[in-house]
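Each reported figure results from applying straightforward, stated rules to the coordinates on display, with no laboratory input. All values derive from a computational prediction rather than experimental measurement. Neighbour counts run over all protein chains shown; Cβ positions are idealised from the backbone, glycine included.
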Amino acid sequence: MAKIAIILALLSGILGSPHSRGRTVCDRKKSEIIRGIKRKDKETLSNFKINEIGEPERICGDGYELTKDVFFCLDVCLLKTGDTCSKEVEAGVDLCGRDRDGNELECAGDDFRPDLPFTCQPMVLYDGSIFDSSFSSVYFSY
């Protein structure tokens, strides 16, 4: 299992190969953030700071927790129900967390209002209980 994870990481560019001269996705994202901080870019400064070991660190609002991003590269904020989110699979992007009941949230859009941004919403799980079996047997009888 560990070998599969390493192979997938190498293929996706998360880890550098001994034969690659380029930097990893993680290194590139960290460099981008550090450059933004040095240039005093307002958006970068409002979202990140440099920690005591010189690494970018996400700034989250009160009541928000930190977690690792999808690449286990940077700490990002765990978003709450209704927070705007991104469906981009990218280093440094905040992730939807869990609701107050501990249910996992997903980044979802409104099918009827595509102009609205994606937000963190409770996952919709189909358990098959919407239809009564007696109804479906009568309705679908041949």
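Within the range 23-125, the proportion of Cα pairs with more than 18 Å between them is 52 percent. Subtracting the Cα-Cα distance of Glu55 and Lys42 from 0.36 nm times their residue separation leaves 2.9 nm of extension gain. Electrostatic tally near Ile34: other residues with Cβ closer than 13 Å to its Cβ, Lys and Arg +1, Asp and Glu -1, net +4. Extension gain Thr81-Arg28, at 0.36 nm per residue separation less the Cα-Cα distance, in nm? Residue separation times 0.36 nm, minus the Cα-Cα distance, leaves 16.1 nm. Placing unit charges on each Cβ (+1 for Lys and Arg, -1 for Asp and Glu) gives the range 23-125 a dipole about its Cα centre, and among Thr44, Cys77, Cys120 the Cα reaching farthest toward its positive end belongs to Thr44. Within the set of other residues whose C-beta is less than 12 Å from the C-beta of Glu90, count the net charge using Lys and Arg as +1 and Asp and Glu as -1. Net local charge, Glu90 excluded: -1.
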